[in-house]
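Here the structure is laid out as structure tokens; the discussion comes afterwards.
What follows is calculated from the coordinates using simple rules that are stated; it is not laboratory data. From a predicted model like this one, the values you see are computed outputs, not experimental measurements. Note that we place each Cβ from the backbone using ideal geometry, even for glycine, and neighbour counts take in every protein chain shown.
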Amino acid sequence: MLQNCDGFTFIEVMFALVILTVTIASTAPVLYVVLNERQTVSEQLIAYEVLHNSIEEFRASKGQASLASSFERNGTQYEQYTTYLNRDLHVCIHWEGRNKRVYEECGVVSYD
């Protein structure tokens, strides 16, 4: 039954390699986008953490802490600033993600 089996021909092997190459080449850009988005989520978590810590520090110091600053973490430059609206203090962090989009996260401290 298997007496006449000589293996794959060169054309069959080349066809399989072409299919494999096309598959890998088509998934590489998608993997690059997923990696950048994942790094951006990590940057966003850093911004949330810094924002939370800044607001808590401001509350603990009873409004005496300075919140405007610029800092860098993991190669990303963050800018923190404050604005007063009515009787609320808005603390915001602004940065450009690895995916080249600009992000801003804000928190509010209410005065009672």
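Among (1) more than 26 Å from Ile93 (Cβ to Cβ); (2) surrounded by 11 or more Cβ atoms within 10 Å (Cβ to Cβ), which single condition is Gln44 missing?
It fails just one condition, (1).
Among the candidates Glu37, Glu57, single out the residue that is surrounded by 12 or more Cβ atoms within 10 Å (Cβ to Cβ), among the acidic types (Asp, Glu) and touching a residue at least 24 places away in the same chain (Cβ under 8 Å).
Result: Glu37 is the single residue among Glu37, Glu57 that is surrounded by 12 or more Cβ atoms within 10 Å (Cβ to Cβ), among the acidic types (Asp, Glu) and touching a residue at least 24 places away in the same chain (Cβ under 8 Å).
Pull up the range 64-108, narrow it to residues that are in a loop (DSSP other than H, G, I, E, B), of a type outside the set (S, T, N, Q) and in contact (Cβ under 8 Å) with a residue 24 or more places away in the chain, then point me to the one that is surrounded by the fewest Cβ atoms within 10 Å (Cβ to Cβ).
The residue in question is Arg87.
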